[in-house]
């Protein structure tokens, strides 16, 4: 689950537990019973830690290195316990053997499961502090309680519990169909996302010399290490894919510690294009970023992953992201046209006037004027081919491009803000 001494730390990988062996009674019903019974035990263990180990932090003989470090050692376990004992467990107990109700409970509380990503992010600091100073100090309390499990084992339970949720939801989804199956899979994906997001937050905190506010770039969708081919050059880079940004960083190995990542460059995803397959290896794909100031120039990079599964997941993620952008931008264009008084139907001048009255006069929009007006309203954040002019973009095989066309304000000097965060400096 985690490593106390390795340089690469992975938090939140689902534990490998065998599926429950269920016979006689409905298998799904027994899985739900197991979910509820283990949830009850989990809540007890959380409260056990709070009741027995929190007071130890107030002892007068506590080591200096542990003073005022309760939040580091225990993370946000108190908030997790409050969520499960006050809300989640009660809702699970009301499911009455219904898988769809179980899925609904997970979706209703999806925001609260974000507590686990924060817990996972803090876990390496907690492990390090316990290993260096805490285990010996808390050992006395363990002996007093006559408990076979030490504090470190209890603090691992939240990470293990998320793995258990993913396993049980997957087991139920395999035995469901239709909308019930979809809702269970969505709940499973939500849990897996939080497991992954804990690792993402941990890795993001290791990005150095970054002048971009990453909190403003949307959710971090994926992060992975690739071999990058840019022209004749080849690099190893950790690539972070946000909703609004693609960030390249150089991994730097730190002996005896966690790897850090030196920021190299970043591009807005509004400029992204993708070729899903490069070569026959099945592990390469190409992305490019077009600059508005020079339509002809493009930065193109071939990303080589370590496995076909990683490559496939990135291609699917980027493809889905671009479709969402296209749909959003289509709606934005419709809104722009509405604001400008341009639509698909002729407009009637209904204003009355005693001097120059126009009755039932149709005003048809000019196609040329519309093209010019929309062209002026586009910003540098757009690399898309205009809906009215397809001549400036060449078609690439197996490729998809972003079609952003959101409007931004122009400053007094007449200069629009560029969308490229920095020029490429791999």
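Read the figures in this text as sums done on the coordinates, not as results from a lab. This one's a predicted model, so the numbers in the text were calculated from it and none came from an experiment. Here the Cβ positions follow ideal geometry from the backbone for every residue, glycine too, while neighbour counts run over all protein chains shown.
For 108, 227, the sequence from fewest to most other C-beta atoms within 10 Å is 108, 227.
Kirkwood hydrodynamic radius of the range 75-182, from the reciprocal of the average inverse Cα-Cα distance over all distinct pairs: 16.1 Å. Per residue, the convex hull around the alpha carbon atoms of the range 200-273 comes to 98 Å³. Take the Cα of residue 252, step 7 Å toward its Cβ, do the same at residue 338, and the gap between the two points is 5.0 nm.
Our analysis of the range 133-223 gives Rg over Rh at 1.16, with the two radii drawn from alpha carbon positions and Rh computed by the Kirkwood formula. Does the range 216-259 come out rounded, prolate or oblate, given a ≥ b ≥ c as the square roots of the eigenvalues of its C-alpha gyration tensor, rounded meaning a/c under 1.5 and, failing that, prolate meaning a/b above b/c? In terms of gyration-tensor shape, oblate. Remark: spin-label model distance residue 149-residue 104 equals 3.2 nm, labels positioned 7 Å along the Cα→Cβ axis.
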